[in-house]
Amino acid sequence: MKKINLMLMLFVASIIGVAQNAPINFETGGQGASWTWTVFENSTNPALDIVANPNATGANTSATVAKFTALQAGNPWAGCESAHGTTNLGPFVLDATNSIIKIKVWKTVISDVGIKLIAASGWALPEIKVANTLTNQWEELTFDFSNYTNPPAAEGQYDQIAIFPDFNLAGRTQDNIIYFDEITFGAGTPPPAPMTAAPTPTRNSADVTSVYSNAYTNLSGVNFNPNWGQSTVVADVLIQGNNTLKYTNLNYQGIDIGASIDVTNRQFLHLDIWSVSSTALNVFLISTGPTETAFALTVPTSGWSSVDIPLAAFSPVALNDVIQFKFDGNGEFYMDNLYFYSATIPSPTVAAPTPTHAPSNVISIYSDAYTALAGTNLNPGWGQATVVSEVQIQGNNTMKYSNLNYQGIELAGNTDVTSMEFLHIDVWSALSTGLNIFLISPGPVEKAYAITVPTSGWSSIDIPLTTFSPVALNSVFQLKFDGNGEFYMDNLLFYRNPVSVNEVQANQTELNVFPNPAQQGTLVKLNKTVKQIEVVDLQGKTIWVGQQNSIETAQLSKGIYLVKSLSVDNKMEVTKLVIQ
């Protein structure tokens, strides 16, 4: 009868597993102090010491703790590990009752602490790392192993713990002493998870290249968990019957497409994400090289967040040679419906506004309203990926720039624009998230001006040429755009405002001053709010400059002056003022 009871007990033990020897408190008669600890990857590997608590206050008042000296010459992942077998941690099954591991640490520096569980055969999943936030005092760190699997049966059970007290990939500048204590195994509260599946995509399958989605036929041969040395745990879970990828303990995680794919016929990358614990999350597109570019996702989300990213945002990744994705960040998130797609791209339905400057005040590069500089090359071969075409919108010639990375314009020679005041351009865009225009003089000397995109309709932009300093305005020979997406451009020209009384009379503006004529010393007011006022004489000499909506005339002699104002929308207007 006793023999039968013993066999029954062994059978039950084999089912429920054996609890680990814990807590590891390094106290006499407790766990850890008498264990066999082996130090590794720490240069000369000084032994782990069991010592009196150097600061028995705050979060840890116990008498005895472990002391680890992380040598400057040691590897970033230097650590210590218990022995396999039953006399140290002992064999156990990781389950809901013991998947939250806590450790108290006392450190002089901020760096990651890592914990790894190892099976009898040496089988292990990557360590989990958590950084301390306090120095020179005790702090308890929490490690969530609830998403970790147990070893395959052939590998045996977990029976060893490895501690990485100062996991610092940046390298140490000195030897660091770390104390640790009170390693506990307990139950945790499962992190929140989505209760509903991600939205089902409705785009036509002909417009989609799918990587991961139940709604489409996915690319074959994709590896969603390549071994890149990451600590991230990846699982394919079902949410309302829908396959969803779950990423836990994120540091970084790759997706290997297998063979390169060409997505130049697509305009966007789509994905759905759900997270309540990530505070940082980026998605990368990678082409051969590797060439990779990150796009920052907004986290945490409130429910599922559907994200559509213009592929232009991943420049300079080669869209005809995409081989991988990568996520990096922290926390836990769920992902579904990862695919590329093409869509009808908006385009302008009305032409750009027609300029009204007198031709004598304009040097035109591209505009139907004026005669352009002869010999201008609107599409020189600078190795750019940008596709340039000329289209007609309401009968008006317009330049279209697609798949923008950069694009040059070459003038026939050095052009003197010192007689001009502004560079004007009309821009229309629905896809660009970044766009700059450059002036370039020999050297080359170039200066960028950032254009606000996307636009709402046509955006007419007047840029003071002084903005492009130190470009030599007497020898401009090139212009350049850089950015991303797609945009339309028209009326690229240099211009000046009227600079003579006759020109002012021929080109009436909305600007008025009063009284006019005015007596010397009288305060002259403007009829509108402006950013800046400049009063010049007929020889072009500046006599007075101000930023208010009135002119002080005490220093103006009798005569005729030109009042030049810069409006709140950056337009220059000129009117005549007579001082009697």
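Observations on the structure shown:
- Rel. contact order, % - alpha carbon contacts under 8 angstrom, at least six apart, the chain: 9
- D_trans [Stokes-Einstein, Kirkwood Rh over alpha-carbon pairs] for the stretch 52-131, 10 °C, 1.306 mPa s, µm² s⁻¹: 104
- Per-residue Cβ neighbour rank within 10 angstrom, fewest leading, SER34, SER432: SER34, SER432
- Those lysines that a straight Cα-Cα span of less than 24 Å connects to LYS102, excepting residues fewer than 8 apart in one chain: LYS67, LYS116, LYS129, LYS246
- The Cβ shell under 15 Å around GLY395 holds other residues with a net charge of -3, Lys and Arg each +1, Asp and Glu each -1.
- For ILE239, net neighbour charge (Lys/Arg +1, Asp/Glu -1) across residues whose Cβ lies under 13 Å away: -2
- In the chain, the longest principal axis of the Cα atoms and the axis of helix 2-16 are about 10 degrees apart.
- For the stretch 56-190, radius of gyration divided by Kirkwood radius, i.e. Rg to Rh on alpha-carbons: 0.97
- Note, ³J(HN,Hα) from phi for the stretch 325-334, Karplus 6.51, -1.76, 1.60, rounded to Hz, x at Gly and Pro: 10, 8, 10, 9, x, 8, x, 9, 8, 10
- What the Cα convex hull of the stretch 359-495 gives, in volume per residue, is 100 Å³.
- Relative contact order of the stretch 346-500: 33 percent, from C-alpha pairs under 8 Å at least 6 residues apart in sequence.
- Listed values for the stretch 226-236 are Karplus-derived 3J(HN,Hα) couplings in whole Hz (6.51 cos²θ - 1.76 cosθ + 1.60, θ = phi - 60°), namely x, 7, 10, x, 7, 9, 4, 9, 10, 9, 9, and x replaces Gly and Pro.
- A convex hull fitted to the Cα coordinates of the stretch 302-361 yields 263 cubic angstrom per residue.
- Projected-area mean, the stretch 161-241, by convex hull of Cα positions, square nanometres: 10.5
- Ignoring lysines fewer than eight residues from LYS558 along the same chain, the ones with Cα atoms less than 29 angstrom from its Cα are LYS525, LYS528, LYS531, LYS541, LYS571, LYS576.
- Rg/Rh for the stretch 203-297, where both radii come from Cα atoms and Rh is the Kirkwood radius: 0.93
- Note on the chain: the alpha carbon radius of gyration divided by the globular reference 2.2 N^0.38 Å gives 1.42.
- Close amide-amide hydrogen proximity is noted between GLN324 and ILE257, ILE286, each under 5 Å apart and 5 or more residues distant or on a separate chain (H modeled in the peptide plane; Pro and chain starts excluded).
- Only aspartates and glutamates eight or more places from LYS480 in sequence, or on another chain, were considered; those with a Cα closer than 14 Å are GLU410, GLU446.
- Other residues within the sphere of radius under 11 Å centred on the Cβ of ILE425, judged by their own Cβ, net out at -3 (K and R +1, D and E -1).
- Cα-centre dipole for the chain with unit charges at Cβ (Lys and Arg positive, Asp and Glu negative), debye to 20: 720
- Per-residue ³J(HN,Hα) for the stretch 199-208, Karplus 6.51 cos²θ - 1.76 cosθ + 1.60, θ = phi - 60°, Hz, x for Gly and Pro: x, 7, x, 10, 6, 4, 4, 5, 9, 10
- Long-range HN-HN contacts of LYS447 with modeled amide H, under 5 Å: LEU439
- Options SER557, LEU338, SER278, ranked by Cα towards positive dipole end of the chain, top entry (Cβ charges): SER557
- Using only side-chain charges placed at the Cβ, +1 for Lys and Arg and -1 for Asp and Glu, the dipole size of the stretch 205-341 relative to its Cα centre rounds to 100 debye.
Since every read-out is calculated from the coordinates, none of them should be taken as a lab result. Please read all numbers here as calculations on a predicted model, not as lab measurements. Reconstructed Cβ throughout: ideal geometry from the backbone, glycine too, with neighbour counts over all protein chains shown.
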